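First comes the structure, then the notes that go with it.
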Amino acid sequence: MTAFTRACRKGKRLFTHPSLRDFGYRLTNWRKESFMCPVCGYSGPFKDASTPDTNMRDALCPKCSSMERHRLQYLVMKTLRDEMDFSDMAILHFAPERFFQEPFGQWFRRYTTADLNRTDVNYRVDLRFLPYSDRSFDCVYASHVLEHIREDDRALSEISRILTPSGFAVLPVPIVSITTIEYPQAHEYGHFRAPGPDYFRKYEKYFPKIKLFSSNDFPGQYQLFIYEDRTVWPTKDRPLAHPMAGEKHVDIVPVCYGGQLNETLQEQSVARL
Ligand SMILES: [Zn+2]
């Protein structure tokens, strides 16, 4: 092996090392637009997220691998933390995202993880049948979970049951349709439906107040929109999806507040999204 080859291999190893991967990506993609990741503090170009079925432009943070939805959710949680004292709250984090575990563990007094199948959590539980007492958590966080559950009403009922009256639940689903399409069986990565913004109206049966945050609510530097050509739908991986116009799509994070169910207030009009 020549000295040159050895130097090249060493350089390649250096740039694929986790701590320098984002530095290498920044260097080799300096022409791309720069963004900021609120989750890890990275600043620079984001990666496209490609599958055989789709390409989502500027989706992925090269340092922490957060996607658009994670960055929006993180900003929503930071906003809520400015409004409420998390330090005396207990959170149930369902299907816990790796990069949220540390901050949530620090912010909340009691941090509990759960999942239906994973073994790296505190409880293996089904959201439809939760083994917790009424009003036992101040926060329930379950992102992109409800679309995997056919009996989502049952899960929403359980979440509202275990939530304290002063607590809140963060329950986003992927917004991939103009209006919600229920599938006869699981399609598209185990999804029982293609939710539209109207899906959150269902939450009104279980929570007295719902606040919707969207990609439009935070600065563009965080890149919170989903840039994806959905005019080609349906595709092989999305056989029941309906085509959507435009390349720029909004993401939504619903925050559902606990308490007496009298008259539901949905603070942000779906039409504005
Ligand atoms: Zn990041």
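For the stretch 116-147, name all the residues that are within 20 Å of TYR74 (Cα to Cα) and either crowded, with 20+ Cβ neighbours inside 10 Å or polar (S, T, N, Q) (or both). Listed by number, the residues that qualify are PHE137, ASP138, CYS139, VAL140, TYR141, ALA142, SER143, LEU146. Looking across the stretch 209-245, the residues that are crowded, with 18+ Cβ neighbours inside 10 Å, in contact with a strand residue (DSSP E or B) (Cβ under 8 Å, 6 or more places away or on another chain) and either in a loop (DSSP other than H, G, I, E, B) or among the β-branched types (Val, Ile, Thr) (or both) come down to ILE210, GLN223, PHE225, ILE226, GLU228, ARG230, ARG238, ALA241. For first residues located in the stretch 51-68 and assigned to a strand (DSSP E or B), partners that are among the β-branched types (Val, Ile, Thr) and modelled with pLDDT of 95 or more and lie 6+ apart or on another chain with Cβ distances below 8 Å form the pairs MET56/ILE226; ALA59/ILE226.
Report whether or not LEU116 is under 19 Å from the mean Cα position of the chain (by Cα) and either more than 26 Å from SER214 (Cα to Cα) or acidic (Asp, Glu) (or both). First the steps, then the outcome.
Working: under 19 Å from the mean Cα position of the chain (by Cα): yes; either more than 26 Å from SER214 (Cα to Cα) or acidic (Asp, Glu) (or both): yes.
Here the answer is yes, as LEU116 does meet what is asked.
Reported count of residues in the stretch 188-208, each being over 18 Å from the mean Cα position of the chain (by Cα) and surrounded by 19 or more Cβ atoms within 10 Å (Cβ to Cβ), is 2.
Is there a residue in the stretch 3-19 that is within 16 Å of the ligand (Cβ to nearest atom) and either modelled with pLDDT under 75 or assigned to a helix (DSSP H, G or I) (or both)? Before you say what the answer is, go through the steps one by one.
In the first step, residues of the stretch 3-19 are kept if they are within 16 Å of the ligand (Cβ to nearest atom); the result is 18-19.
Retained after the next criterion (residues that are either modelled with pLDDT under 75 or assigned to a helix (DSSP H, G or I) (or both)): 18-19.
Yes, the stretch 3-19 has at least one match.
Inspection of the stretch 56-63 finds a residue satisfying the criterion of being surrounded by 16 or more Cβ atoms within 10 Å (Cβ to Cβ), under 29 Å from ARG238 (Cβ atoms) and out of contact with any strand residue (DSSP E or B) (no Cβ under 7 Å at 6 or more places or on another chain).
When LYS78 is tested against (1) crowded, with 21+ Cβ neighbours inside 10 Å; (2) part of a helix (DSSP H, G or I), just one condition goes unmet, and that condition is (1).
Please specify each residue of the stretch 25-44 satisfying the condition of being hydroxyl-bearing (Ser, Thr, Tyr), surrounded by fewer than 17 Cβ atoms within 10 Å (Cβ to Cβ) and either within 14 Å of LYS63 (Cα to Cα) or within 15 Å of the ligand (Cβ to nearest atom) (or both). Talk me through it step by step, then tell me what you get.
Narrowing the stretch 25-44 to residues hydroxyl-bearing (Ser, Thr, Tyr): 25, 28, 34, 42-43.
Pick out the ones that are also surrounded by fewer than 17 Cβ atoms within 10 Å (Cβ to Cβ) and you get 28, 34, 43.
Those that are hydroxyl-bearing (Ser, Thr, Tyr), surrounded by fewer than 17 Cβ atoms within 10 Å (Cβ to Cβ) and either within 14 Å of LYS63 (Cα to Cα) or within 15 Å of the ligand (Cβ to nearest atom) (or both): SER34, SER43.
Given the residues GLU188, GLU204, GLU228, which is the only one that is touching a residue at least 24 places away in the same chain (Cβ under 8 Å), among the charged types (D, E, K, R) and touching a His at 6+ places or on another chain (Cβ under 7 Å)?
Values: GLU188 fails: touching a His at 6+ places or on another chain (Cβ under 7 Å); GLU204 fails: touching a His at 6+ places or on another chain (Cβ under 7 Å).
The match here is GLU228.
Does the stretch 259-268 contain at least one residue that is surrounded by 15 or more Cβ atoms within 10 Å (Cβ to Cβ) and at pLDDT 85 or above? Looking for residues that are surrounded by 15 or more Cβ atoms within 10 Å (Cβ to Cβ) and at pLDDT 85 or above, one finds at least one in the stretch 259-268, hence yes.
Residue by residue, here is whether (1) at pLDDT 95 or above; (2) β-branched (Val, Ile, Thr) holds:
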residue: ASN55; (1), (2): no, no
residue: TYR74; (1), (2): yes, no
residue: MET84; (1), (2): yes, no
residue: ASP88; (1), (2): yes, no
residue: ARG98; (1), (2): no, no
residue: GLU102; (1), (2): yes, no
residue: GLY105; (1), (2): yes, no
residue: THR113; (1), (2): yes, yes
residue: LEU116; (1), (2): yes, no
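Please enumerate the residues belonging to the stretch 158-168 that are surrounded by fewer than 16 Cβ atoms within 10 Å (Cβ to Cβ) and free of Cβ contacts under 8 Å to residues at least 60 places away in the same chain. Walk me through how you get there before you give the answer.
Filtering the stretch 158-168 down to residues surrounded by fewer than 16 Cβ atoms within 10 Å (Cβ to Cβ) leaves 161, 165-166.
The one that is surrounded by fewer than 16 Cβ atoms within 10 Å (Cβ to Cβ) and free of Cβ contacts under 8 Å to residues at least 60 places away in the same chain: ARG161.
The values are calculated or read from the model by the stated rules, or taken from the named source; none is laboratory data. Remember, predicted model here, so these are calculated numbers, not experimental data. Counting neighbours? That spans all protein chains shown, and the Cβs are built from the backbone with ideal geometry, glycine included.
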